[in-house]
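A.B. asks: Dropping the structure in here first, questions after.
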């Protein structure tokens, strides 16, 4: 039988182990790091966690994280509100913003359709998206979901749902990353690159 630490240290390890991307060994390393950290450093971390729970909320329009709702993107009159980029999670908004290429607004679904995890269309912010299409003068929806099975299922569902509406529905191009070799590309990626080929 595996031994566990006593009391507070085990409670802290268990808490970190529940976080996404942190396994038992990583949780143990973080807990022991904090044990040897200064009181000030540990208090700063505790304050940051408390502050984010008190101040951060989800935008009432797009679902992005913000401290004031509507978020800075939705309330910016310089953004093109006729184009909505649909993403899975708030972190995806930052990924697209870093490109400095998109000047429209966003809609965060809060996940993707995943029957294995009991996540269906009703668990996502799809009704809120449809409500936005009634009020805003939207001309284009960009589906920018992860290129995995769940993302593809969600894109297919949304494409069918939005097809009767008088909207341009597009999706992110996918294919070969710059600097890669053809021999290392999987069949799906290579197939997509062929489908999305452009004039040279």
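A.B. asks: Of the numbered conditions (1) over 27 Å from the mean Cα position of the chain (by Cα); (2) at pLDDT 95 or above, residue 47 fails exactly one; give the number of that condition.
C.D. replies: Of (1) over 27 Å from the mean Cα position of the chain (by Cα); (2) at pLDDT 95 or above, only one is false for residue 47: (1).
A.B. asks: If I ask for residues that are in a loop (DSSP other than H, G, I, E, B) and touching a strand residue (DSSP E or B) at 6+ places or on another chain (Cβ under 9 Å), which ones from the stretch 58-74 would you list?
C.D. replies: 59, 61, 62, 63, 64, 67, 68, 69, 71, 72, 73, 74
A.B. asks: Would you kindly identify the helices (runs of 4 or more DSSP H) lying entirely within the stretch 83-173 that contain at least 1 residues that are under 18 Å from residue 65 (Cβ atoms)?
C.D. replies: Output list reads 90-97, 126-135.
A.B. asks: Related question: Give 181, 166, 146, 186 a once-over and let me know the one that is over 16 Å from residue 126 (Cα atoms), in the same structural domain as residue 88 (by TED's automatic domain parsing) and free of Cβ contacts under 8 Å to residues at least 12 places away in the same chain.
C.D. replies: 166
A.B. asks: Here is a list: 22, 9. Which entry is surrounded by 12 or more Cβ atoms within 10 Å (Cβ to Cβ), touching a helix residue (DSSP H, G or I) at 6+ places or on another chain (Cβ under 9 Å) and assigned to a helix (DSSP H, G or I)?
C.D. replies: 9
A.B. asks: Let me ask something else. Out of all the residues in the stretch 112-143, which are within 18 Å of the chain's Cα centre (by Cα), in contact (Cβ under 8 Å) with a residue 12 or more places away in the chain and surrounded by fewer than 16 Cβ atoms within 10 Å (Cβ to Cβ)?
C.D. replies: The answer is 121, 123.
A.B. asks: Restricting attention to the stretch 153-182, which residues are farther than 15 Å from residue 84 by Cα and at pLDDT below 90?
C.D. replies: Once the filter is applied, which keeps residues that are farther than 15 Å from residue 84 by Cα and at pLDDT below 90, the stretch 153-182 yields 173, 174, 175, 176, 177, 178, 179, 180, 181, 182.
A.B. asks: Still on this structure: Do we have residue 174 as surrounded by fewer than 16 Cβ atoms within 10 Å (Cβ to Cβ) and in contact with a helix residue (DSSP H, G or I) (Cβ under 7 Å, 6 or more places away or on another chain) here?
C.D. replies: When the stated conditions are applied, residue 174 passes them.
Conditions (1) touching a helix residue (DSSP H, G or I) at 6+ places or on another chain (Cβ under 7 Å); (2) assigned to a helix (DSSP H, G or I); (3) exposed (fewer than 10 other Cβ atoms within 10 Å of the Cβ), marked per residue:
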position	(1), (2), (3)
5	yes, no, no
14	no, yes, no
26	no, yes, no
32	no, yes, no
41	no, yes, no
54	no, yes, yes
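The values are calculated or read from the model by the stated rules, or taken from the named source; none is laboratory data. Worth saying up front: this structure is predicted, and the values here are computed from it rather than measured. Neighbour counts are summed over all protein chains in view; Cβ atoms, including those assigned to glycine, are modelled from backbone coordinates with ideal geometry.
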